1. Inside segment 234-275, can you point out the residues that are over 19 Å from residue 156 (Cβ atoms) and surrounded by 15 or more Cβ atoms within 10 Å (Cβ to Cβ)?
2. Take residue 260 and tell me if it is over 16 Å from residue 168 (Cα atoms) and not assigned by TED's automatic domain parsing to the domain that holds residue 131.
3. Could you say which residue among 161, 130 is over 30 Å from residue 302 (Cα atoms), modelled with pLDDT under 95 and surrounded by 18 or more Cβ atoms within 10 Å (Cβ to Cβ)?
4. Run down 207, 243, 234 and say which single residue is without any contact (Cβ under 8 Å) to a residue 60 or more places away in the chain and touching a helix residue (DSSP H, G or I) at 6+ places or on another chain (Cβ under 8 Å).
5. Would you call residue 163 over 25 Å from residue 60 (Cβ atoms) and out of contact with any strand residue (DSSP E or B) (no Cβ under 8 Å at 6 or more places or on another chain)?
6. I need a count of the residues in segment 255-295 that are without any contact (Cβ under 8 Å) to a residue 40 or more places away in the chain and part of a loop (DSSP other than H, G, I, E, B).
7. Looking at residue 15 and the list (1) touching a strand residue (DSSP E or B) at 6+ places or on another chain (Cβ under 7 Å); (2) part of a helix (DSSP H, G or I); (3) within 18 Å of residue 296 (Cα to Cα), which single condition is not satisfied?
8. Return the total of residues in segment 6-40 being over 23 Å from the mean Cα position of the chain (by Cα) and surrounded by fewer than 17 Cβ atoms within 10 Å (Cβ to Cβ).
């Protein structure tokens, strides 16, 4: 068989996995990922993978606990079936927000997940827009952290928005927002937030000028959309004209869909790193495919050529 490229998928995002395989002109590998009657995960690889270069596509959202466990069990199966190399492909890496001890007696779950993935048999990890860059250092195996920015920037460049200002919804997102602003050759503004609870923050001020301008709010993920609500409120207060938002990962938990539908804004653009439920019910949501990006990264990893140039292509 030699070092044959094989692509497998769990149940987390089968559509993205199929699109990546199609981009690579490869069939998805044959695997059964199901449940035993009591709910435990059952996996059976239905083709020979001995000596193969195996890529397992499985984001950990939605249902992070189920999907993470599926990934671990699948990798154990490939390791025991004598795959030559196993790459865990996580378009969305869950538990990334718990990346440090920010209060007493809390875990660093991102490090625990990194340990689990490595122990289960991963030889390397391919992911996209980690919530915290330092998570790469939690692994003792190679980690390629792709960026969705080129895909999102290309979409908004084609819109030819006038007097555009890129907005970071908080101080922590300045680095990402600055990358968008530099590439789109426009000004940058920052929403100044004050935390009012463990999961709540209120926008109190805006650094930058947005009056009568189109604005693009840039973030790595939209979870409950409460930060987006606060950003839109303060931008309207400071006289912004048309408001757009984009993110890599549309987690969209809880009231997110309803909040976005009711927001005074034009469009929210995200990637298909996570499958979005009931997309047809939310006309403000646009989903862009990152399948070609992952396919190219997988091709380069398999052929042992550089992946780093993908991080800067725009």
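The values are calculated or read from the model by the stated rules, or taken from the named source; none is laboratory data. Fair warning: this is a prediction, and the values are worked out from it, not measured in the lab. Heads up, the Cβs are rebuilt from the backbone with ideal geometry, glycines too, and the neighbour counts pull from every protein chain shown.
1. 234, 236, 238, 251, 252, 256, 257, 259, 274, 275
2. Yes.
3. Step by step, each of 161, 130 is checked, and only 161 is over 30 Å from residue 302 (Cα atoms), modelled with pLDDT under 95 and surrounded by 18 or more Cβ atoms within 10 Å (Cβ to Cβ).
4. 243 is the lone residue from the list that is without any contact (Cβ under 8 Å) to a residue 60 or more places away in the chain and touching a helix residue (DSSP H, G or I) at 6+ places or on another chain (Cβ under 8 Å).
5. yes
6. Counting residues in segment 255-295 that are without any contact (Cβ under 8 Å) to a residue 40 or more places away in the chain and part of a loop (DSSP other than H, G, I, E, B) gives 10.
7. (1)
8. Total meeting the criteria: 11.
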